[in-house]
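A.B. asks: Questions regarding the structure given below will be posed in turn.
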Amino acid sequence: MNVKVYGIGITAGVLLAAVLQYPLQTYLPGTVVKELPQGGAPLAWALTAAGALLILVAGAVAARLSGAADRKGAAIAGTVAGLISALIAEIAVGGASAGVWGSREILAFGLNPTQDDLQFTKMLADAVISTLLWTYASIWIALLAGAGLGALGGYFAGNGGAPAKENPELIPTLSAVGILTSALALVVAFAVFPILANSVQKTFAEMGQAASLSSEALSAVPIVTTYLLLIFWQIFGWLAARRELSADMSAPQAITPASTIAMGAIPLLAAAVLLLIDYNVFAWWLVLCALLSLTFGALTMRIGFALRQKSKQLRLSPFDARASLLIGVLTAFVMIATAYISATAAALNMVMLDVTMIAALATHDAASAAVEAARVVGGVPGLVSANFATHRGILYAGVAVCALLIPFVIFFDWAARRVAARRISS
């Protein structure tokens, strides 16, 4: 796939974030918090439609420049560009706006005293559940819309462009990074969200009331999302390993037996850690995800051992600084996107919008609430603005990680090839 596809995805993502800034950062918060500027609905919907059209166009342009051999390849190129653009826009404005909408009841109530502990507890618990579910709903909408619209644009535009120079090490490297990052995120999600869900359930049980939304979803949605992300990267790693197994012996090695075995073993180790943390949490949905992950892990490990029998000597491709640069950029993107999808987005929304308001809401008289509210810089509008700025800071952090990672990746690639070349010559 031509490197231009990734560039188109990044460019479209920046443009998409700018187009969606008005509907998601101005109009939607204005419908929740009366102190914020009130936007116009027609313009907001028009810009949202323009954003969808932009993803279609990005998929079409990516397909025409991809160098793909057929419409299937064109659709894949469009999917990649659409996913990249949608994820950038989600991190920039989508995730924060979902948090505002999920916290709309508590934000509309404002930094005011509640009548009693019962009202305070129920309002806070409902806000936590709603914020988390709407955050993950926004993530899934971004993923499905980006992939679907990009694929449609690529398919109908058709293939085009000069055949791209193949980078056989790209998919195996990204798969390994994605598997490792997703597995770590899964362990964190498994350790945090079930405790949060149990706490919310206990709170409602003590109040003798039912939650407005299912508190069980507090653990199910984040863990399933992260597990599916892990399985997604496992599938790509398995396909890359199968391709290496069927490759000609004279072809350069794209993935080593050791890395293939590691890609299969990491999900197995992650499942073992989850059992050690709390095996009682394994509901049917988690068992199904675990079985899928374990299946692909076992298949990948099996191919890894087969590669050990096949690979009598290491076969190297020439060092390519541009290929290493691309791997460095996409590795940073995979790490940031995986961390954001798995837990960061929901955690930021809950902390910035819900937890910050606890001090004022927990008081039951106006004077005390006013004192606590004065400590919140900018009031509720300030919280909303700070939340958007914090989410956007994830993108800036991604750029910083990319800048730090690229020289390391290029040097490591060069040094590893030098060492391997000496081993072959000796």
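A.B. asks: Per DSSP H run of at least 4 residues, take -39500 (n - 2.57); add these up for the chain, divide by its residues and hand me the 222 nm value, nearest 500 deg cm²/dmol.
C.D. replies: Values: 16 runs with 322 residues, N = 426.
So the calculated ellipticity at 222 nm is -26000 deg cm²/dmol.
A.B. asks: I've got another one for you. Within the chain, count lysine pairs with alpha carbon atoms under 19 angstrom apart where the residues are 8 or more positions apart or belong to different chains.
C.D. replies: Details: 4/72; 4/165; 72/165; 122/202.
Here the count comes out as 4.
A.B. asks: Pick out which of 291, 174, 144 has the largest mean-square fluctuation in a Gaussian network model of the chain, springs linking Cα atoms closer than 10 Å.
C.D. replies: 291
A.B. asks: What helices in the chain pass both tests, a Cα length along the helix axis of 30 Å or more and a mean Kyte hydropathy of -1.0 or higher, using whole DSSP H runs? All intermediate terms of the calculation are to be shown ahead of the outcome.
C.D. replies: Working: long enough: 41-65 (36 Å, 1.81); 117-157 (59 Å, 1.11); 170-207 (54 Å, 1.52); 217-246 (43 Å, 1.11); 257-278 (33 Å, 1.85); 284-310 (39 Å, 1.09); 379-425 (68 Å, 0.99).
Helices passing the filter in the chain: 41-65, 117-157, 170-207, 217-246, 257-278, 284-310, 379-425.
A.B. asks: Would you kindly compute the Cα radius of gyration of segment 1-101 and its largest Cα-Cα separation (Dmax), both in Å?
C.D. replies: Using the Cα atoms of segment 1-101, the pair Rg, Dmax is 15.5, 54 Å.
A.B. asks: Under the definition of Cα pairs under 8 Å and six or more residues apart, what whole-number percent is the relative contact order of segment 39-145? Walk me through the numbers before you get to the answer.
C.D. replies: Values: 78 pairs, mean separation 28.9, N = 107.
Taking the mean separation of contacting Cα pairs over the length of segment 39-145, I get 27 percent.
A.B. asks: Ignoring ligands, DNA and RNA, what accessible area per residue does the chain give at 1.4 Å, in Å²? Display every interim value, and only then the final one.
C.D. replies: Details: 19820 Å² over 426 residues.
About 47 Å² of surface per residue is accessible.
A.B. asks: Can you tell me the relative contact order of segment 1-72? Whole percent, Cα pairs under 8 Å, sequence separation 6 or more.
C.D. replies: Values: 57 pairs, mean separation 34.0, N = 72.
Value for segment 1-72: 47 percent.
A.B. asks: Out of the total accessible area of segment 5-146 (probe 1.4 Å, heavy atoms of protein only), what percent is carbon and sulfur?
C.D. replies: Values: 3990 of 5700 Å².
Carbon with sulfur: 70 percent of the solvent-accessible area.
A.B. asks: What FRET efficiency, computed as 1/(1 + (r/R0)^6) with R0 = 35 Å and r the Cβ-Cβ distance, is obtained for residue 277 and residue 399, rounded to the nearest 0.05? List each step's numbers first, then the result.
C.D. replies: On the way: r = 34 Å, r/R0 = 0.97.
Result of the calculation: an efficiency of 0.55.
A.B. asks: Which ³J(HN,Hα) values, rounded to whole Hz and listed in residue order, are derived for segment 21-33 from phi using the Karplus coefficients 6.51, -1.76 and 1.60 in 6.51 cos²θ - 1.76 cosθ + 1.60 with θ = phi - 60°, glycine and proline given as x?
C.D. replies: After applying 6.51 cos²θ - 1.76 cosθ + 1.60, I find 5, 5, x, 9, 9, 10, 5, 4, x, x, 6, 9, 10 Hz.
The values are calculated or read from the model by the stated rules, or taken from the named source; none is laboratory data. Everything numeric in this text was worked out from a predicted model, so none of it was measured. So basically every Cβ, Gly included, is an ideal-geometry build from the backbone, and we count neighbours across all protein chains shown. Keep in mind that these areas ignore ligands, DNA and RNA; they rest on the heavy atoms of the full protein, side chains included. Shrake-Rupley method; radii C 1.70, N 1.55, O 1.52, S 1.80 Å.
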